[in-house]
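Written below as structure tokens is the structure these notes are about.
The values are calculated or read from the model by the stated rules, or taken from the named source; none is laboratory data. As the structure is a prediction and not an experimental result, all values here were calculated from the model. In this analysis, Cβ positions are derived from the backbone assuming ideal geometry, glycine residues included, and neighbour counts consider all displayed protein chains. In case anyone asks, the SASA skips ligands and DNA or RNA and just uses the protein heavy atoms, side chains included. Shrake-Rupley method; radii C 1.70, N 1.55, O 1.52, S 1.80 Å.
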Amino acid sequence: MIIVMKRGATPEELQAVVRQVEELGFRTHVSQGEERTIVGLIGDERPLMENLHRFELMQGVERVLPILRPYKLASREFHPEDTQIQVNGQTIGGRRVVVIAGPCAVESRDQILEAAWAVREAGASFLRGGAFKPRTSPYSFQGLGEEGLELLAEAREATGLGIVTKVMAPEQVPLVARYADILQVGTRNMQNYSRLHAVGEAKKPVLLKRGWMSTLEEWLMAAEYILSHSNHQVILCERGIRTFETYTRNTLDINAVPALKQLTHLPVMVDPSHGTGRWELVTPVARAAVAAGADGLLVEVHPHPEAAFSDGAQSLKPCRFKALMEEIRRVAEAVGREV
Ligand code: PEP
Ligand code: MN
């Protein structure tokens, strides 16, 4: 439920509403917009439904609205303004389209440093790279583990780029959070609820990738788990879903971008690399994502894709990534954004 305060309601009136709600055992989330202040109630509101008018009678209250969607904190009603996340000197969810780029996995010191300098030079703001890799086969490269995290930290020291890397298990979250600026939850773990609780507790920005078999509602419910720990720094990342089409690795759901912009205030990113599985499709799909309103992109870039331990087929060479950045810059300008 949300309580919409009147334009011009005083701080005392707002305080009185918050106090009343908290006395009833709810937590509150106050969203101070340019137009209106909204008080969101967090907790089981069913017993209150009969009694909504008690708030409507309070000074300064304009209206009381139930939120009908199953996700509350993630919903646009709860928080009408776009959420902006400040991390490592960057704003995610603002006017600028933010680009996260780097190899699928951290493979060696030389590889990650070469990738970091290349993506920085092309204009990326964050370096990605898996230290713990969830592979379909247990015999595939599983990542360098903590050594990979140390190499990412070294790359951050050298280049100033923020670090985005994946957490594989809930007990790993404190370790990864010591190194990463943004914790990534991968597609295979979007509905791993103990992981979602753990990243919620970490109080660091979380990049939540869409489960490859998940609906938008299931995805937003997963975000709700993280938000329910008072970690409001959730970034959604569309990375393609499984359909009957097999030519591409996944089918990137471009509809998700404008649909999520209606449903939620959270920033929305797009991963055209896993979304297509083919490097030659990455740039056109990246352009489409920016045109559709994405707040950022996650792109796999490898200094030598032909030698990559994983996902070489969808990784861009640095020169091609540079061209991608140029192309999305023009698209961003056309839709009132910048890169
Ligand atoms: C990744 O970004 O490294 C990754 C494995 O992505 P996903 O979880 O979307 O497959
Ligand atoms: Mn990958």
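Some points to look at:
- Restricting the trypsin sites (Lys or Arg not before Pro) of segment 124-191 to loop positions (DSSP other than H, G, I, E, B) with no more than 16 neighbouring Cβ atoms within 10 Å leaves R135.
- Computed from the Cβ-Cβ distance with R0 of 56 Å, the FRET efficiency linking E333 to R19 stands at 0.75.
- If you take all other residues with their beta carbon under 12 Å from the beta carbon of K322, and give Lys and Arg +1 and Asp and Glu -1, the sum is +1.
- For segment 166-235, the equivalent ellipsoid derived from the Cα gyration tensor has semi-axes of 18, 12, 10 Å, listed largest first.
- When both bridge partners sit in the chain, DSSP labels roughly 40% of those beta bridges antiparallel.
- Charge-dipole axis of segment 1-152 as Lys and Arg at +1 and Asp and Glu at -1 on Cβ define it, positive-most pick from N88, P103, L52: L52
- Residues of the chain: accessible area per residue with a 1.4 Å probe, Å²: 43
- In terms of overall dimensions, the chain has a Cα radius of gyration and Dmax of 21.0, 68 angstrom.
- Segment 266-339: equivalent-ellipsoid semi-axes (sqrt of 5 x gyration tensor eigenvalues, Cα, Å): 22, 13, 9
- In segment 1-131, Rg over Rh equals 1.21, where Rg is the alpha-carbon radius of gyration and Rh the Kirkwood radius from pairwise Cα distances.
- Computed label-point distance, nm, for sites N88 and R242 using a 7 Å Cα→Cβ extension: 3.1
- Cα centroid separation - segment 273-339 against segment 1-54, whole Å: 43
- Degrees separating the helix 193-202 axis from the principal Cα axis of the chain, which is the longest one: 80
- The relative contact order of the chain comes to 16 percent, based on Cα pairs under 8 Å that sit 6 or more residues apart.
- Computed lengthening from H53 to S31, 0.36 nm per intervening residue step minus Cα-Cα distance: 5.8 nm
- Note, ³J(HN,Hα) from phi for segment 259-270, Karplus 6.51, -1.76, 1.60, rounded to Hz, x at Gly and Pro: 5, 5, 4, 6, 7, 9, 8, 6, x, 10, 10, 10
- Overall, segment 15-137 carries a charge dipole of about 340 debye about its Cα centre when +1 sits on the Cβ of Lys and Arg and -1 on the Cβ of Asp and Glu, all other atoms neutral.
- For segment 30-185, the share of DSSP beta bridges that are antiparallel, to the nearest 5, is 40%.
- With θ taken as phi - 60° and the Karplus curve 6.51 cos²θ - 1.76 cosθ + 1.60 applied, the whole-hertz 3J(HN,Hα) list for segment 76-89 is 5, 4, 5, 9, x, 7, 4, 6, 10, 10, 9, 8, 6, x Hz, x standing for glycine and proline.
- The alpha carbon convex hull volume per residue for segment 93-230 rounds to 115 Å³.
- DSSP loop chymotrypsin sites (Phe, Trp or Tyr not before Pro) with at most 16 other Cβ within 10 Å excluded, longest remaining stretch of the chain: 1-138
- Overall, the chain carries a charge dipole of about 400 debye about its Cα centre when +1 sits on the Cβ of Lys and Arg and -1 on the Cβ of Asp and Glu, all other atoms neutral.
- Sequence-separation-based contact order of segment 81-231, relative, with Cα cut under 8 Å and 6+ spacing, percent: 17
- Subtracting the Cα-Cα distance of S230 and A313 from their residue separation scaled by 0.36 nm leaves 26.0 nm.
- For q = 0.16, 0.24 Å⁻¹, Debye-computed log10 I/I(0) when each Cα of segment 203-285 counts as one equal scatterer: -0.60, -1.13
- Using θ = phi - 60° and Karplus 6.51 cos²θ - 1.76 cosθ + 1.60, couplings along segment 206-222 (whole Hz; Gly, Pro as x): 10, 9, 9, 7, 6, x, 5, 10, 9, 7, 4, 5, 4, 5, 5, 5, 5
- Extreme residue, positive dipole direction of the chain, given options F132, A222, A256 (C-beta unit charges): A256
- Of K6/K204; K72/K166; K6/K209; K6/K166, pairs whose Cα-Cα distance is over 31 Å: K6/K204; K6/K209; K6/K166
- Orientation-averaged projection of segment 197-339 equals 9.1 nm² [convex hull of Cα atoms, one quarter of hull surface area].
- Start at zero, step by 5 Å, and the Cα-Cα distances of segment 4-59 spread as 4, 18, 32, 27, 14, 5, 0 percent across the bins.
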